[in-house]
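Presented below is the structure to which this report refers.
All of the numbers you see were taken from the coordinates with simple rules; none came from a lab. From a predicted model like this one, the values you see are computed outputs, not experimental measurements. Here the Cβ positions follow ideal geometry from the backbone for every residue, glycine too, while neighbour counts run over all protein chains shown.
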Amino acid sequence: MTARLLQPTKGMFEFQQLSIPTNVVIFFVAACVVWLAGTKLSRYVDLFAERTGVGEAFAGAMLLGGATSLPELATTVTAGWSGAATLAGSNLLGGIVMQIAVLAFIDAFVLRGKPLTMFSPRSSLLLVGIMLIAMIALACAAIASGDRYVWQGIGIWPPLLFVAYVASMAVIYRYEGSPRWEPRGEVAQPPESAKDLKDSFHEAFDNVSTKTIIGLFCMSGLAVLIGGYFVARSGEALANQTGISQGFIGATLVAVATSLPELSTTYSAVRFGAYSMAAANILGTNSLEVALFLPAELAYREGGIMNAVAASSVFLAALGILVTCLYLWGVLERRDKTFLGMGIDSFAVLVVYAIGMTIYSTL
């Protein structure tokens, strides 16, 4: 995301009225809430997936992806309601690139010795990625063509994108229940520390019912929603108040703030050894990012939102497709070589992310 994404919106004025120290306190307190709740989310979903047999990829894409997108939903609806169509669209498509970069950061700083994609030998992840690429391509078509038929302020494209998301989740669920092929070659195992951590957590919940776990999941999701909203709003206010919103640092602050739920849940899942769930969480979140054009459209009352989204957002979408392909390449090839402590695919993602966002800041 760039500086132009950091313009104040109507839902942000109360934070701009606060002092910088107050916004700093709000930002860090809310960030702690999001981090703690996010780590709990991944653990509850892991328990739920094991008990119900729904599969890690589907659970990560649907449950974790949906829960961690709640703050983004609040931000998008706020932007749409205030008439900031460019902000809403760029936030959603720019978030896709940032989420894949989160996987690369996790690979670099949490896992050491072998690439993250060596621990994710599931063909269902490839399917999740393919569905995501299809969703982004549809979003590109929507922005490029615009909505020529708008009824009661609602165009054709946003509902179509949401239907495509629901259909993709159905395809993933059906496929994971009966995969057509399995990868061959070495299958890297989680370290013993991850297994011990997971086993101890599962033992602690042996006598806890599945309904209670679902309730705890919902409570954690609510905490992520509330905390994530305050993180994003106070972060944007700080970026503008301190004057750094005009540079890359300001954009990075807000980008990291809005990606904090995904970062915490992915970090926790990797520590648990649930690597496929961690990857599916990011890919599923990204698919939902595209589907969130529908609530943005419902909140935007100045016509079809696709007619108002900046054409430069297509660059972000293309960047999202590129980094997704790089990660899927890593999943498919599953090389065990590392560079600077991370997989070669993760290094390539970070390079593309840095170059791409630098270019986008000049558009």
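Placing a pseudo-label 7 Å from each Cα along the Cα-to-Cβ vector at Ala354 and Ala134 gives an inter-label distance of 3.5 nm. The packing ranking of peptides 267-273, 350-356, highest mean first, is 267-273, 350-356, where packing means the average number of other beta carbon atoms within 10 angstrom of each residue.
Label separation (Cys32 vs Val166): 4.1 nm, computed from points 7 Å beyond Cα along the C-beta direction.
Projecting label points 7 angstrom from Cα along Cα→Cβ for Cys218 and Leu332 puts them 4.1 nm apart. Per-peptide packing, taken as the mean over residues of other Cβ atoms within 10 Å, places 314-327, 225-238 in the sequence 225-238, 314-327 from highest down. In terms of packing, defined here as the mean over residues of other Cβ atoms within 10 angstrom, the peptides 157-163, 21-27, 137-143 line up highest first as 137-143, 157-163, 21-27. The order of Thr285, Thr242, going from fewest to most other C-beta atoms within 10 Å of their C-beta, is Thr242, Thr285.
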